[in-house]
Structure formats: structure tokens, C-alpha cells
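Below is one structure, written out as C-alpha cells; the observations come after it.
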Amino acid sequence: MNGARKLFVNSYGCQMNVYDSRRMMDTLAPEGFVETGSADDAELIILNTCHIREKASEKVYSELGRLRLLKQAAEREGRNITIAVGGCVAQAEGREILRRAPMVDLVFGPQNYHRLPELLARAKRDGQAIDTDFPVEDKFDHLTAPSVAATRARGVTAFVTIQEGCDKFCTFCVVPYTRGAESSRPVMKIVAETERLADAGVREITLIGQNVNAYHGEGPDGRSWTLGQLLYRLADIPGIARLRYTTSHPRDVDDSLVATHRDLRSLMPYLHLPVQSGSDRVLAAMNRRHTRRDYLAAIERLRSAQPAIAFSSDFIVGFPGEGDDDFRDTMSLIEEAGFVSGFSFKYSPRPGTPAADMDEQVPEDIKSARLAELQALIERQHARFRRDCVGRTLDVLFEKPGRHPGQIAGRSPYLEPVQVSGPDTLIGEIVPVTITAAGPNSLFGTIARSNIAEDRMPLTQTAGA
Ligand code: SAH
Ligand code: SF4
Ligand code: F3S
């Protein structure tokens with residue numbers, strides 16, 4: 001494209017950063033920026049960073065080291081590269097980034113990226129710019145919507161942020177400091193965004209928030225709506241065949257949310273519900289404000305509403321004071337809850353959080369041994385779940401061409417990748433697939449057209465509407 005300014009955004013961390021990165025690109029599109037897949041030919045490089053664990057945070061500085069060389073090489077050719085650092089490290093460290101990496105032109109926080117055009121102009125004028133204030137205005141009111149073409153190019157699934165920030169203050173976690181106070185977007189803004197996505201061919205929406213089920217946005221009736229109420233409303237949008245939400249907190253599983261799992265066919269029976277630990281002592285020290293029993297009760301309520309539901313979770317091993325008994329409690333909870341998948345992490349002390357100053361920090365070798373043992377258990381349960389899928393017929397949303405010619409790839413309700421032989425024309429469709437084999441990374445199956453029987457028709461018809 002003639003005169004196009006190339007923009008490369010590298011996203012680290014959670015799904016909200018992925019969403020934010022896209023919205024940054026959309027907001028810079030009217031400035032003439034087009035997306036490129038690599039830093040090498042970019043005029044503007046944005047690192048959208050994550051502060052959650054030390055490793056994630058330090059990655060930014062090694063990346064900046066590489067970019068410094070790239071910038072110097074470009075300058076020798078008379079080309080100027082602008083380097084911007086956004087996201088949660090930017091929020092947490094602010095000026096420290098400019099000190100450690102003086103070639104950075106711009107630092108901005110997760111609540112300021114709607115100001116990118118103005119901030120870039122300021123950086124150009126003054127040499128450097130920084131904006132990590134928590135603004136009074138709502139960034140969502142100032143962001144540019146993506147074009148239909150950009151949305152289509154991004155595929156048939158999409159994220160929509162509905163809630164951001166966190167007031168829970170778990171003692172290990174930086175999110176309340178980097179993302180700020182908990183806030184929810186109004187219902188009709190979310191409906192409008194979802195309708196726009198549906199019009200561009202999106203079939204599956206994942207509602208995202210740091211604490212998505214703490215959602216309490218203003219409804220069209222002027223009252224505060226729960227996530228459950230919002231889900232019922234979104235399920236009515238023609239074209240949207242699948243709904244998911246992440247990440248939820250066990251304390252905020254209310255009755256209206258449980259009811260949606262019973263009532264809404266488009267709500268997928270797969271829930272990521274982080275527990276962190278199975279030990280009441282550790283849960284209390286983490287300030288999770290629920291017990292092991294409360295957690296198990298929450299998943300039981302969801303299971304009785306939707307018997308097909310499967311759960312995944314997050315775990316931290318080696319939290320300060322975690323003894324072997326506590327770790328055993330986590331292992332037994334994993335079996336008892338029957339998680340089919342999970343993310344697990346060694347506790348990483350984060351500056352400014354209460355747990356970083358706690359006594360009884362757990363030695364690194366113990367953390368590593370516990371992590372390996374926990375991951376092996378989760379992997380066994382995951383493998384068993386995948387094996388149990390063999391012989392079942394699961395609805396698959398086809399998303400893209402498969403690994404080999406003549407194949408297409410999609411996802412089951414449980415987010416497992418599924419590969420089948422089939423035509424590209426099925427991309428964007430939800431089709432029943434009989435699973436014939438379970439590989440290490442994907443399920444394989446055959447299209448079970450005959451299964452598009454009475455009970456599946458309404459879904460297919462809504463799709464075409
Ligand atoms: N809002 C979500 C999680 C956000 S962070 C919740 O309430 O559960 C994603 C995951 O990172 C957490 O679930 C936790 O398992 C992990 N995590 C957060 N802080 C961490 C730390 N200091 N060390 C190790 N893992 C951490
Ligand atoms: Fe962090 Fe806890 Fe908030 Fe999750 S609920 S974002 S772990 S403080
Ligand atoms: Fe990381 Fe910030 Fe997400 S710290 S996990 S990018 S909210």
C-alpha cells in the first residue's frame with residue numbers, strides 16, 4: 001500500500017492484552033497505520049506488556065534490547081522507528097522504563113491507549129512521552145471501531161471486554177494496581193459491539209474481564225445488570241452461536257449466572273474458574289476469600305445446572321508458607337474437582353504486593369518439584385478427557401483451513417482443536433463431528449451430517465439469519 005505506515009504490536013500476557021492490541025491498531029488506522037507481522041519493517045513498534053510474574057515482566061527488557069539494535073540500524077539508513085511500551089509493565093514501572101531503556105519514545109498504561117494518536121504526536125514533539133494516569137474519561141468512548149474488513153480478517157471468533165480491573169486484592173497479584181479499580185461497560189455498548197461483530201461474520205464471542213463475573217454494568221433500564229442478565233441479552237443476537245466468558249472468580253458465581261448455564265444453549269459448557277490452591281490455610285493467606293468447600297460447592301451448582309460442563313483452573317505452587325500438606329490439598333482438589341485442563345505457575349513475588357514481604361518464602365527447587373508434579377496430574381486428567389471424547393459427537397465451529405490440504409480446523413465446545421477432512425466452505429459453520437481419535441494437540445473426527453437432526457436445526461437456522 002502506497003504511503004502506508006507500518007505498525008507492529010507485540011502482545012504479552014492475557015487475552016485482554018490481545019483485545020487491547022487490536023483496539024490500538026484500530027485506533028491508529030485513521031492515522032494511516034497498517035498492521036505488519038514483524039518488527040523489522042515497522043515504523044511504529046508497540047510492546048503491549050504483562051507484569052503478572054517476574055519472567056513476563058523481564059521479557060520486555062530483553063525485547064527492548066533487541067529493538068534498540070533495530071532502531072540504531074534503521075537510523076543509520078536514515079529511517080526513524082518509534083518504540084512504545086504499553087500495558088501492565090508500563091503502568092507499574094512508568095518512568096523506570098525510560099530510565100532502563102532510554103531509546104523508548106513512549107510509555108502508556110492500559111487505560112490510556114485511546115490517546116495514542118495524541119501521545120505519538122507528543123513523543124515526536126518532545127522526544128519522549130509518558131501517560132500512566134487513570135483518566136476520568138472512559139477509553140471505550142474514544143476508541144475507533146474496526147472496519148468490517150479488519151473484523152472479517154480476524155476470523156469467526158472474537159473477544160469483547162465487558163469488565164476491567166479488580167478490587168479483590170489477592171495478596172500475590174499486581175492486577176488491581178496495573179489495571180485499576182473494577183469497572184463495567186454499559187450493557188448496550190456491549191450489545192452494539194457484539195452486533196457489529198456478528199454482522200462481520202463472527203460466530204463466537206468470549207466476554208473478557210479480569211473478574212468477568214463481577215460484571216455490574218448499567219442496563220437499558222438504568223439498573224445494574226449481572227453477567228447472567230447480560231448473557232441472556234447477548235444470546236438473542238442473530239448470528240452469535242457461541243458465548244463464553246473468562247476469567248471468573250469463584251466468589252462471584254451467583255444464581256443468575258448458574259441459571260444461564262442451564263438455559264442458554266449458546267453458552268459453552270466449559271468454564272475457566274481459577275482456584276489457585278486447595279488448602280484453606282493458603283487460600284486465606286492469599287486473601288481469596290473462599291474456602292475449598294465454597295469452591296467445590298460453586299462447581300457443583302454449575303454441574304447440576306449443566307451436567308455436560310467441564311472445568312479448567314489456575315494454580316499457584318510455592319505461595320509463602322505453603323507446606324507439603326497444603327500442596328497435597330491442592331493435588332487432591334484437582335482430582336476431586338475433575339479439572340480437564342489448567343494453567344499452573346510457580347509463585348513469583350511481585351513488587352508492592354503483600355505476599356512478597358511474607359515470611360516463609362518457598363525455595364525454588366521445591367516450587368519446581370511441586371509444579372512438575374501438579375502439571376503431570378493435570379496432563380493425565382487432560383489426556384483422559386481427550387480420550388473420553390473419542391466416539392462422542394461434538395459440535396465444532398470451523399475456524400480455518402487445517403494443517404493439510406483438504407482439512408479444516410475448528411474447536412469443540414471444550415475449546416479442544418479439532419481437525420477433519422472437509423471443504424473450506426464450512427469455515428464459520430457449526431457442524432456435528434464424530435471424534436475418531438485424540439492426538440496430543442488435537443482431536444480428529446469425521447463430519448456427522450446425519451446428526452444435523454431436529455434439535456440442531458434451530459442453531460443452524462439462527463446462524464443463517
Ligand atoms: N483474575 C483471575 C486471574 C488473573 S492472573 C483470578 O482471579 O483468578 C492469571 C493467573 O496468574 C492467576 O490465576 C494466577 O494463577 C497467576 N498469578 C497471578 N499472580 C501470580 C504471581 N505473583 N505468581 C504466580 N502466579 C501468579
Ligand atoms: Fe488478581 Fe485476585 Fe483480582 Fe484475580 S481476583 S485479578 S488473582 S487480585
Ligand atoms: Fe498480565 Fe496485565 Fe493481563 S499483568 S495477565 S497483561 S491484566
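The values are calculated or read from the model by the stated rules, or taken from the named source; none is laboratory data. Please read these numbers as outputs of a predicted model, since none were measured by experiment. Here Cβ is always computed from backbone atoms with ideal geometry, including for glycine, and neighbour counts include all displayed protein chains. Ligands, DNA and RNA are stripped out before the accessible areas are found, and what is left, the full protein with its side chains, is counted by its heavy atoms. Shrake-Rupley method; radii C 1.70, N 1.55, O 1.52, S 1.80 Å.
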**Prompt:** Which one of these does Ala56 not meet: (1) among the aliphatic types (A, V, I, L, M); (2) more than 16 Å from ligand 2 (Cβ to nearest atom); (3) modelled with pLDDT under 95?
**Reply:** (2)
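Table: residues versus (1) farther than 16 Å from Thr171 by Cα; (2) of a type in the set (Asp, Glu); (3) within 15 Å of ligand 1 (Cβ to nearest atom).
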residue: Val282; (1), (2), (3): no, no, yes
residue: Asn287; (1), (2), (3): no, no, yes
residue: Arg293; (1), (2), (3): yes, no, no
residue: Arg301; (1), (2), (3): yes, no, no
residue: Ile309; (1), (2), (3): yes, no, no
residue: Phe315; (1), (2), (3): no, no, yes
residue: Arg328; (1), (2), (3): yes, no, no
residue: Glu335; (1), (2), (3): yes, yes, no
**Prompt:** Which residues, taken from region 241-265, are away from ligand 1 (no atom under 16 Å from the Cβ), buried (at least 21 other Cβ atoms within 10 Å of the Cβ) and free of Cβ contacts under 8 Å to residues at least 60 places away in the same chain?
**Reply:** Leu243, Thr260, His261
**Complete:** Every listed condition ((1) crowded, with 22+ Cβ neighbours inside 10 Å; (2) in a loop (DSSP other than H, G, I, E, B); (3) not basic (Lys, Arg)) holds for Pro274 save (1)
**Request:** Go through region 177-229 residue by residue and tally those that are within 16 Å of ligand 2 (Cβ to nearest atom) and in a helix (DSSP H, G or I).
**Result:** 6
**Prompt:** Which pairs do you get when a residue that is in contact (Cβ under 8 Å) with a residue 60 or more places away in the chain, found in region 44-59, comes within reach of a residue that is open to solvent by 10 Å² or more (accessible area, probe 1.4 Å) and more than 9 Å from ligand 1 (Cβ to nearest atom), reach meaning Cβ atoms under 6 angstrom, with the pair 6+ apart or on two chains?
**Reply:** Leu44/Thr82; His51/Cys88; His51/Ala92
**Message:** Test of understanding: among Gly342, Gly352, Gly338, which residue is out of contact with any strand residue (DSSP E or B) (no Cβ under 9 Å at 6 or more places or on another chain) and of a type outside the set (Phe, Trp, Tyr)?
**Reply:** Gly352
**Prompt:** Is one or more of the residues making up region 291-299 touching a helix residue (DSSP H, G or I) at 6+ places or on another chain (Cβ under 8 Å), hydrophobic (A, V, I, L, M, F, W, C) and more than 21 Å from Gly342 (Cα to Cα)?
**Reply:** no
**Prompt:** Taking strands (runs of 3 or more DSSP E) that do not extend beyond region 48-137, which have at least 2 residues that are surrounded by 22 or more Cβ atoms within 10 Å (Cβ to Cβ)?
**Reply:** 82-86, 106-108
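Among the residues of region 348-380, which ones are hydroxyl-bearing (Ser, Thr, Tyr) and loosely packed, with under 15 Cβ neighbours inside 10 Å? Full working, then the answer.
Step one: list which residues in region 348-380 are hydroxyl-bearing (Ser, Thr, Tyr), which gives 348, 353, 368.
The one that is hydroxyl-bearing (Ser, Thr, Tyr) and loosely packed, with under 15 Cβ neighbours inside 10 Å: Ser368.
Determine whether region 307-317 contains at least one residue that is within 17 Å of His261 (Cα to Cα), open to solvent by 20 Å² or more (accessible area, probe 1.4 Å) and without any contact (Cβ under 8 Å) to a residue 24 or more places away in the chain. Reasoning before the result, please.
Of the residues in region 307-317, the ones within 17 Å of His261 (Cα to Cα) are 307-312.
Pick out the ones that are also open to solvent by 20 Å² or more (accessible area, probe 1.4 Å) and you get 307-308.
Add one more test, that the residue is without any contact (Cβ under 8 Å) to a residue 24 or more places away in the chain, and what stays is 307.
For region 307-317, residues within 17 Å of His261 (Cα to Cα), open to solvent by 20 Å² or more (accessible area, probe 1.4 Å) and without any contact (Cβ under 8 Å) to a residue 24 or more places away in the chain: present.
Can you name every residue in region 180-203 that is touching a residue at least 60 places away in the same chain (Cβ under 8 Å) and either surrounded by 22 or more Cβ atoms within 10 Å (Cβ to Cβ) or touching a Phe, Trp or Tyr at 6+ places or on another chain (Cβ under 7 Å) (or both)? Give the derivation first.
Step one: list which residues in region 180-203 are touching a residue at least 60 places away in the same chain (Cβ under 8 Å), which gives 180, 201, 203.
Across region 180-203, the qualifying residues are Gly180, Arg203.
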**Message:** For region 159-176, give me the residue count where each residue is near ligand 2 (Cβ under 9 Å from one of its atoms), open to solvent by less than 20 Å² (accessible area, probe 1.4 Å) and of a type outside the set (Gly, Ala, Ser).
**Reply:** 5
**Request:** Could you run through region 241-265 and say how many residues are in a loop (DSSP other than H, G, I, E, B), farther than 18 Å from Ile162 by Cα and not charged (D, E, K, R)?
**Result:** 2
**Asked** Does region 7-44 hold any residues that are of a type in the set (Ser, Thr, Tyr) and closer than 22 Å to Thr157 by Cβ, and which are they?
**Response** Ser11, Tyr12, Tyr19, Ser21, Thr27
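In region 119-136, which residues are over 28 Å from the mean Cα position of the chain (by Cα) and of a type outside the set (S, T, N, Q)?
The first filter runs over region 119-136 and keeps only residues over 28 Å from the mean Cα position of the chain (by Cα), leaving 121-129.
If the condition is that a residue be over 28 Å from the mean Cα position of the chain (by Cα) and of a type outside the set (S, T, N, Q), then Ala121, Arg122, Ala123, Lys124, Arg125, Asp126, Gly127, Ala129 are the ones that fit.
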**Request:** Kindly provide the set of residues from region 388-407 that are free of Cβ contacts under 8 Å to residues at least 24 places away in the same chain, surrounded by fewer than 19 Cβ atoms within 10 Å (Cβ to Cβ) and either assigned to a helix (DSSP H, G or I) or within 25 Å of the chain's Cα centre (by Cα) (or both), ordered by number.
**Result:** Asp388, Arg403
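Can you pull out the residues in region 1-40 that are within 16 Å of ligand 1 (Cβ to nearest atom) and either open to solvent by less than 20 Å² (accessible area, probe 1.4 Å) or not hydroxyl-bearing (Ser, Thr, Tyr) (or both)? Walk me through how you get there before you give the answer.
Residues of region 1-40 within 16 Å of ligand 1 (Cβ to nearest atom): 11-20.
Residues satisfying the conditions are Gly13, Cys14, Gln15, Met16, Asn17, Val18, Tyr19, Asp20.
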**Item:** Test set (1) within 15 Å of ligand 2 (Cβ to nearest atom); (2) open to solvent by 10 Å² or more (accessible area, probe 1.4 Å); (3) touching an Asp or Glu at 6+ places or on another chain (Cβ under 9 Å) - Met268 fails condition number
**Value:** (1)
